[in-house]
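K.L.:
Have a look at this one.
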Amino acid sequence: MPGATSDSAGGGALVPLSPETKRSPVYPLRHSVGPPVSPRVSVCWARGSSLRVSIFQQRSPPGGEGDAGGEVVEVKLNGGDGEISDAQWRRIAYGSMSPFAMLQSRRNSVSTLSRISPSPYHVDWWEFVMEYSKDINALLGGPESTPASVIEDPKTVLKKSEKPASLKAAWELMELFYVDKLSQAWLPERLVDWLADYDSLFSGSCATVHSKLVDFQNELINIQVIEDNPTYWEVIGSALAVGWLEIVVKLLHLHGSYQLDQLSSRETENGLVEAVAVLISKMPRMRLELGDGRLGECYKAKPDFIKAWEKWRSQITKLDCSAYWIQCHHLQTREGLKNLLQIMLGNTNSLSSATCHWLELYVSHFLYVRPFTVGLESMHGLAQKCIQLKPVPRSQKLMGLLLGILGENTEVVLAECSKEFGPWMVAHAIELMTAGSDEAESLLCEEQYDLGELSLQELHRLVYAQVLCSHAFTWQIAPVYLTSCMKQGMGLLEILLCKQPVQHNELLHKNLEICRLYELDDVSSHIMKIAGVHHWKHGRKGAGVFWLQQAQDEVRLHKIAQQLFASVGKSISDESFKQWEGLIELLGSESKTAGGLEFLHK
Amino acid sequence: MAVTQLPPSPEIRKLPLYKYVDGVRWLPPFSALDRYAVIASFDSDSDTPSLEVHSVSPSKALALASAPAPLPSRVSSLKSASFAQRPVVAASTRAGSLHVMAVNPMDLSIEPAAAAAEGLHAGGASCVDLADGGSDCVSVGEDGRVNLVSLGEGRLRKARVFDANGLVSYTAAKWASPSEFATGGYGFSLHWWDRRTAGGPVSQFKCDRIQEKASGIVHSIDIHPSRKHTCLAGGSSGTIFAWDLRRQQQPIILSGVGMGEGVTSLVSESEIWEIQYDRSIKPSNVGSRMLPVMICSEDGILAVVEEGKEPVELLAEPCAINSFDFDPQKPSEVICSLEWESIAILSRP
């Protein structure tokens, strides 16, 4: 466009409206409509979540240079924090369709079976949901393990891994509480593992043990005498508090007294370090299993665990009162190790100062103060206490979700899912929530008067289907979700199919294939008629006749026949006969569907 | 049927591309060590269609080999061949243009071999075929035009063979010899053309038996270099048939819905998007029977179909398989494009 400068973009800034106008951000919009700088602007929705902004120049600039013009700009509105790109979301959408469809068909067959003999099939339902959950979890990010190097660097404390996705963290959290019946007895320990995987996600909004470790790891190469460094002991304490035992033991082994040249002179000191390290690696854990290379001793039955726990604590107390401490002349080591013992003994002050945010404190309480906590009610009570002790300045999305789950508040969980993770998450996570409790199931699956007799479950599936429909690549998945909606699904599916463009042969066939799958013969013939008329209008007479024949549209075929007859009547030369030959051939021999086109045979 | 021992299943590698794949072809071999594929992609975020050359590692990982070549419109059909020791790619677009691109064997860059032929078809080209030797293209469209485009001295020479003025629509084309080619279209029709004979097709065929129930469209045709008298076609409702020029009234029907009693096998009930003779089987081993063929379909099937045998499914995907291609060097390896913005590479044992 003539007269376009980059400066003119500044004049076209758009301000999105929001209730709190104080904080509304301003986004500059680039367009090339030249001055005068007060153009007329029209804004409307385009496909998906993009806005179509049309900018018209009011009159041609004085001097007549260039035409009075305008420009249409499409503005993509990007919801969320951009953690997951649009292309990644589409990959998740593609991958989650099959597990969802499989679960729906299982639900249908289970409910058919349970009508015949009610009891034996209901019991295993959570296992199907578990399978579904695992399939979807696999989509949300690969296992974070990087290939282990052959030579282990003793100074690499934290394994480098890609930043995990909070979507995956949220999914796992819901799976843990709602679906996995096997983990119900070991919920506290499962939370410890969960936090170990995802603590780095909280680093954005507050300090974390993970971020402390990362910082220390970076400094590690520059530190000469490690045990003199106060951060060393602080980091070890923090890691111990949240139960990352392998890291603690590894860090303790970096202690200077292990060096061969110092071993003889610092024998007592080394003995104390080693004794603490051994105690840490023998910590009894009440859980189903411990992975390879994980420290601690695993107990499945509560009585065994209590016995081991008491023995372990008595060993700690014994070491705490030992006379060797006086012979340990290194002050930092003595105080550092004593602090570790306090953490292991569950000293609330030590735990509180070793952890950074309430979730870490919460987990440390499970490990060292109340390992026998069972039941959501007591877990929720403890959480409240921890929040009071360590309030978070800014709420974090996973914390809100966890509190909703612990508070057994289905509506809060649903709202958190929707607010923080969007329609995909809600539509798919409802399957997990309904597997968890009857109370949630009745809330989510019952038709609600104020939602126009829809259930919440259906409502959210419809919302997600709308999102799928709005993108040219994903609309083909939407039918799976729409057909799972009893009330309005089929109606919306018919609208979706009828509104797809017919210009391109492939797209048209993909559309008709969906009609065939769902036995929508009326919709199918409607689409064929649209396609027939479209081709006819664009001069592709053969294709037009073909589709109208397929749709058995006698009325339109008759009209077409009249038009053709008129044009044939005018002139039919030898040249054009070759062209007509093909059309006649297409019509075939049967007159049934020819609809008045028989005359061509003559 | 007797239980036959199942053949060992192929090794499958699926690779997300995060862009829609409008077409995929192996490039003819030009390097002893590496293998390359060309992908016609469409990025919806930036609305850009382009042609990309990817190297395919022995572990079947894809890596973009050079900067993508932008195109003005989405690709409707893609073919590759070798021309003057260079891989050439022909792509027809939804806007009706034809682009002939050459890949530089040194730096793998992909650039137009000549200025694009614009406006070949009104309302989109539907199929292009590149003759062996890479200099001649035939392009057909739903507008009923049949065009020949030849590459020479840095420019494209265009010639219109026929214009049906929209009374007939063409959807598929394939060279049979340097002077003959076949086209497919609506109503399961096939036409045979000879560039030495002007004014229309030299022979026409319509599969009348196929019209017993409902008619359909030919989406893809193939002609085997060793059997140039037979034209193989695949299209709507899982229909696969072959037309032997020497026995014009008796098509060989391999599969299809409502094909009558003679046809027992039904490999798919939906659209067959692409059909090719199975290049991994030597014609001399088959005798006078039909050569085995491979198809891909809208309902996500990639399968080998042989006359008188049950079809062998190689892939059964939850989404459509839109195109596939045999590696010319190693025909046991097949690359295919999936609807869900990804590529699959199969290695058959």
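K.L.:
Would you check which residues across segment B:120-143 are more than 14 Å from chain A (Cβ to nearest Cβ) and either more than 13 Å from the chain's Cα centre (by Cα) or open to solvent by less than 10 Å² (accessible area, probe 1.4 Å) (or both) and list them?
P.N.:
Once the filter is applied, which keeps residues that are more than 14 Å from chain A (Cβ to nearest Cβ) and either more than 13 Å from the chain's Cα centre (by Cα) or open to solvent by less than 10 Å² (accessible area, probe 1.4 Å) (or both), segment B:120-143 yields B:120, B:128, B:129, B:132, B:133, B:134, B:135, B:136, B:137, B:138, B:139.
K.L.:
Taking into account only those residues within segment B:148-168 that are on the phi < 0 side of the Ramachandran plot and in contact (Cβ under 8 Å) with a residue 40 or more places away in the chain, which is nearest to the other protein chains (Cβ to nearest Cβ)?
P.N.:
We begin by selecting, within segment B:148-168, every residue on the phi < 0 side of the Ramachandran plot; these are B:148-152, B:155-164, B:167-168.
Next, from what is left, pick out any that are in contact (Cβ under 8 Å) with a residue 40 or more places away in the chain: B:148-149, B:151, B:155-156, B:158.
Details: B:148: 17, B:149: 21, B:151: 27, B:155: 29, B:156: 25, B:158: 20 Å.
Only one residue tops the list, namely B:148.
K.L.:
Tell me yes or no: at least one residue of segment A:292-304 is of a type in the set (Lys, Arg), touching a Leu at 6+ places or on another chain (Cβ under 7 Å) and assigned to a loop (DSSP other than H, G, I, E, B).
P.N.:
yes
K.L.:
Within segment B:331-344, which residues are within 14 Å of chain A (Cβ to nearest Cβ), hydrophobic (A, V, I, L, M, F, W, C) and part of a strand (DSSP E or B)?
P.N.:
Hits for segment B:331-344 are B:338, B:343, B:344.
K.L.:
Now, a different point. Restricting to segment A:179-222, name every residue that is open to solvent by 30 Å² or more (accessible area, probe 1.4 Å) and among the aliphatic types (A, V, I, L, M).
P.N.:
The answer is A:182, A:185, A:196, A:207, A:214, A:221.
K.L.:
Note down all Cβ pairs under 7 Å where the first residue falls in segment A:436-454 and is closer than 15 Å to residue A:488 by Cβ and open to solvent by 40 Å² or more (accessible area, probe 1.4 Å), the second is polar (S, T, N, Q) and part of a helix (DSSP H, G or I), and they're at least six residues apart or on different chains.
P.N.:
Hits for this filter: zero, empty list.
K.L.:
Cβ-Cβ below 8 Å, separation at least six or inter-chain, first residue in segment A:356-368 and under 24 Å from residue A:308 (Cα atoms), second part of a helix (DSSP H, G or I) and among the charged types (D, E, K, R): which pairs?
P.N.:
Close Cβ pairs (under 8 Å, with a partner that is part of a helix (DSSP H, G or I) and among the charged types (D, E, K, R)) amount to A:366/A:189.
K.L.:
Any residue in segment B:319-330 that's more than 14 Å from chain A (Cβ to nearest Cβ) and open to solvent by 10 Å² or more (accessible area, probe 1.4 Å): show its pairings with residues that are not β-branched (Val, Ile, Thr) and not in a loop (DSSP other than H, G, I, E, B) at Cβ separation under 6 Å, as long as the two are six or more apart or on different chains.
P.N.:
Matching pairs, first to second residue: B:325/B:25; B:325/B:26.
K.L.:
Next up: Counting just the residues of segment A:534-549 that are without any contact (Cβ under 8 Å) to a residue 40 or more places away in the chain and open to solvent by 50 Å² or more (accessible area, probe 1.4 Å), which one comes out nearest to residue B:218 (Cα to Cα)?
P.N.:
A:538
K.L.:
Tell me, please, whether a residue that is hydrophobic (A, V, I, L, M, F, W, C), within 14 Å of chain B (Cβ to nearest Cβ) and surrounded by fewer than 21 Cβ atoms within 10 Å (Cβ to Cβ) can be found in segment A:495-505.
P.N.:
yes
K.L.:
Tell me, which strands (runs of 3 or more DSSP E) lie completely within segment B:55-99 with 1 or more residues that are of a type outside the set (A, V, I, L, M, F, W, C) and open to solvent by less than 20 Å² (accessible area, probe 1.4 Å)?
P.N.:
Per the criteria, B:75-83, B:86-93.
K.L.:
Shifting gears a bit: For the condition surrounded by 14 or more Cβ atoms within 10 Å (Cβ to Cβ), assigned to a loop (DSSP other than H, G, I, E, B) and at pLDDT 65 or above, what is the one hit in A:110, A:33, A:53, A:73?
P.N.:
So the residue among A:110, A:33, A:53, A:73 that is surrounded by 14 or more Cβ atoms within 10 Å (Cβ to Cβ), assigned to a loop (DSSP other than H, G, I, E, B) and at pLDDT 65 or above is A:33.
K.L.:
Continuing with the same structure: Being closer than 30 Å to residue A:409 by Cβ, part of a helix (DSSP H, G or I) and open to solvent by less than 50 Å² (accessible area, probe 1.4 Å), is that true of even one residue in segment A:339-353? Let's see the steps before the verdict.
P.N.:
Our first condition is that a residue be closer than 30 Å to residue A:409 by Cβ; within segment A:339-353, this holds for A:346, A:348, A:351-352.
Filter again for part of a helix (DSSP H, G or I), leaving A:348, A:351-352.
Next, from what is left, pick out any that are open to solvent by less than 50 Å² (accessible area, probe 1.4 Å): A:351-352.
Scanning segment A:339-353, I find at least one residue that is closer than 30 Å to residue A:409 by Cβ, part of a helix (DSSP H, G or I) and open to solvent by less than 50 Å² (accessible area, probe 1.4 Å), so the answer is yes.
K.L.:
So for segment A:259-269 (the condition being open to solvent by less than 10 Å² (accessible area, probe 1.4 Å) and either touching a Lys or Arg at 6+ places or on another chain (Cβ under 6 Å) or in a helix (DSSP H, G or I) (or both)), does at least one residue qualify?
P.N.:
Among the residues of segment A:259-269, not one is open to solvent by less than 10 Å² (accessible area, probe 1.4 Å) and either touching a Lys or Arg at 6+ places or on another chain (Cβ under 6 Å) or in a helix (DSSP H, G or I) (or both), which makes the answer no.
The values are calculated or read from the model by the stated rules, or taken from the named source; none is laboratory data. These numbers come from a predicted model, not from an experiment. Note that we place each Cβ from the backbone using ideal geometry, even for glycine, and neighbour counts take in every protein chain shown. Only protein heavy atoms, including side chains, enter the accessible area calculation; ligands, DNA and RNA are left aside. Shrake-Rupley method; radii C 1.70, N 1.55, O 1.52, S 1.80 Å.
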